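The values are calculated or read from the model by the stated rules, or taken from the named source; none is laboratory data. The structure displayed is predicted, hence computed values, not measured ones. Cβ sites come from the backbone with ideal geometry, for glycine too, and all protein chains shown count toward neighbours. Protein only, heavy atoms only, side chains kept; ligands, DNA and RNA dropped before computing areas. Shrake-Rupley method; radii C 1.70, N 1.55, O 1.52, S 1.80 Å.
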Amino acid sequence: MERVERFLSGKRQDGALRALRPADWRKEGRINAGGKTYHDFSSNDYLGLSCHPGLKEASKLAIEEFGAGACASRLLSGDLNLHHRLEEKTAAFKGKSSALVFNSGYQANVGIIASLYKKGDAIFSDRLNHASIIDGILLSGAKLFRFKHNDQVFLERLLKKERNNFKAALVITESVFSMDGDRFPLKGLADLKRKYSCEIMVDEAHATGIFGQRGSGLVEEEDMTGEVDLIMGTFGKALGGFGAYLACSAGLRDYLVNACRSFIYTTALPPAVIASGMAAIDLVKEEAYRRKTLLKNADFFREALRETGLDIRGRSQIVPWVTGTSERTVRVSGFLQERGYWALPIRPPTVPEGQARIRFSLTYHHSKELLERLVEDIREADKI
Ligand SMILES: *Cc1c(COP(=O)(O)O)cnc(C)c1O
C-alpha cells in the first residue's frame, strides 16, 4: 500500500524507524541478544519477581488445576473464584473497598476513562501522562485539558477558569512518571478536589510494589488513599506478571462491570496469570527487602551521577540521563551496549526535542558493585 510505504520511507529518512529486536532470552536482570549477554537496564521487572520461584510455582499449579486459558469473558463463563480472590487481595493491598482486574494497563485506562466520562465533561491531565490515558480521554469524548508536568499552580489556574463550564471533572496523573522517573506531588490534590469538586484518578504503573510502607504505591506513601477515587496500577511491572487493576469503591466496581467495554468484551486473564498476581502481592509484603534495597541503590546511583554534573532526572528506581540530541544519545547508548549494558536511547517524539535520554530502569538484580562500575562507564561515555 502506497501510504504505508510513504510512512515507512519518511521514518527511515528521519532515522526514526523503529524495529523489534528479539532477545534469545531475558531473565534475572540479564538479556541475551545476538550472541551476547547484557545487564538489562530497560525492563520493568523492578523487584526481580518475574523469575521468582514463588510466582513460577503459583502459575504452574494454576495451569495444572484450571488449564491454560480462561476460555470466556468474565461475564460469561471465564469468571473463576480465583479472579475474585485476586481482586479482594488487591483491594486490601491498596486500602480500598473493592478492586477490578483488567487484562492490561492499556485496556484498563482506555476502558475506565471512556466509560466514566463523556462529552460535556472535562479531564485535566498531566502533560507527560501515558499514551493509554490519552487514548482513553480521546475515546471518552470529554474535553481534554493538559497541564504543565507536576505543576499544581498551573492546574489550579485551569480548574478555576474551566471547571464551571463542565459537568463531571477528572484530574488524572501518574504517580511515578515512566520517562522522567519523578513523582507527582499527590498531597496537593486533596485541596483541589474539595475546591473544584473533581474526581481524582492516579496511575501507579511504576509505583506499585515499590513505594509506601506496605509497598502498595505512592498513593499509600502520601496517605492519599481516601482522596483518590480511582487507583489504577499493573501486575506487569514490579509485580512481575501481567494484567492490571483498578482499586475503587464497590459502586464504581459494579458500574464498570456493567459499562466498561474493555472489561466486558474480552477474554478473562488466564488462571496462571491471576495466580502469579496473587503470589506477587504476598511477596511484596514478605520480601520488603527487595524494594528497600532497590530504592537505596537507586539513591546511590542517582546521586553519584549527579555529582559528576550530568543532567540526571527523577526520584525513583527510574533514572534518566538526559543526553541531548538523538544522534548523541544513540552514540552513547552504543558505547554502553559495547560495555555490556542494555540501556536504550529514548528519543523524540517519546520525549521533547533536544531532551533525548538514556533511561536506566533499575531492578533488584542490579547490585551496588554493578552500579558503581556503570557510573565509571557512564563517565567515559559522556566524553564521546
Ligand atoms: C505500562 C503502563 C501502562 C500500560 O500497562 P500494560 O499493562 O503494560 O498495558 C499504563 N500506564 C502507565 C503509566 C504505564 O507505564
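Some points to look at:
- Within the stretch 76-132, the set of residues being within 25 Å of Glu156 (Cβ to Cβ) and of a type in the set (Asp, Glu) comprises Asp121, Asp126.
- Qualifying residue in the stretch 223-230 (condition: within 16 Å of the ligand (Cβ to nearest atom) and hydroxyl-bearing (Ser, Thr, Tyr)): no
- Scan of the stretch 131-144 for residues that are more than 15 Å from the chain's Cα centre (by Cα) and either among the aliphatic types (A, V, I, L, M) or more than 15 Å from the ligand (Cβ to nearest atom) (or both), ordered by number: Ile137, Leu138, Leu139, Ser140, Gly141, Ala142, Lys143, Leu144
- Just so you know, in the stretch 112-130 the residues that are touching a residue at least 60 places away in the same chain (Cβ under 8 Å) and in a loop (DSSP other than H, G, I, E, B) include one that is nearest to the ligand (Cβ to nearest atom), and it is His130.
- Members of the stretch 119-130 that are surrounded by fewer than 19 Cβ atoms within 10 Å (Cβ to Cβ) and within 19 Å of the chain's Cα centre (by Cα): Arg127
- Within the stretch 1-38, the set of residues being part of a strand (DSSP E or B) and not charged (D, E, K, R) comprises Trp25, Ile31, Asn32, Ala33, Thr37, Tyr38.
- Among residues of the stretch 107-118, those that are touching a strand residue (DSSP E or B) at 6+ places or on another chain (Cβ under 8 Å) and either closer than 17 Å to Lys143 by Cβ or open to solvent by 10 Å² or more (accessible area, probe 1.4 Å) (or both), counted: 4
- Count - residues of the stretch 15-32 that are out of contact with any helix residue (DSSP H, G or I) (no Cβ under 7 Å at 6 or more places or on another chain) and surrounded by 11 or more Cβ atoms within 10 Å (Cβ to Cβ): 10
- Among residues of the stretch 233-250 that are on the phi < 0 side of the Ramachandran plot and more than 9 Å from the ligand (Cβ to nearest atom), those with a Cβ under 6 angstrom from a residue that is hydrophobic (A, V, I, L, M, F, W, C) and part of a loop (DSSP other than H, G, I, E, B), sequence gap 6+ or separate chain, pair up as Ala238/Leu47; Ala238/Ile210; Gly241/Phe235.
- Positions within the stretch 34-54 being away from the ligand (no atom under 16 Å from the Cβ) and either more than 21 Å from the chain's Cα centre (by Cα) or buried (at least 16 other Cβ atoms within 10 Å of the Cβ) (or both), in sequence order: Gly34, Gly35, Lys36, Thr37, Tyr38, His39, Asp40, Phe41, Gly48, His52, Pro53, Gly54
- Residue match in the stretch 92-105 (condition: hydrophobic (A, V, I, L, M, F, W, C), surrounded by fewer than 21 Cβ atoms within 10 Å (Cβ to Cβ) and not in a loop (DSSP other than H, G, I, E, B)): yes
- The stretch 94-111 residues that are within 11 Å of the ligand (Cβ to nearest atom), paired with ones that are open to solvent by 20 Å² or more (accessible area, probe 1.4 Å) and of a type in the set (D, E, K, R) (beta carbon under 7 Å, 6 or more apart): Val110/Asp135
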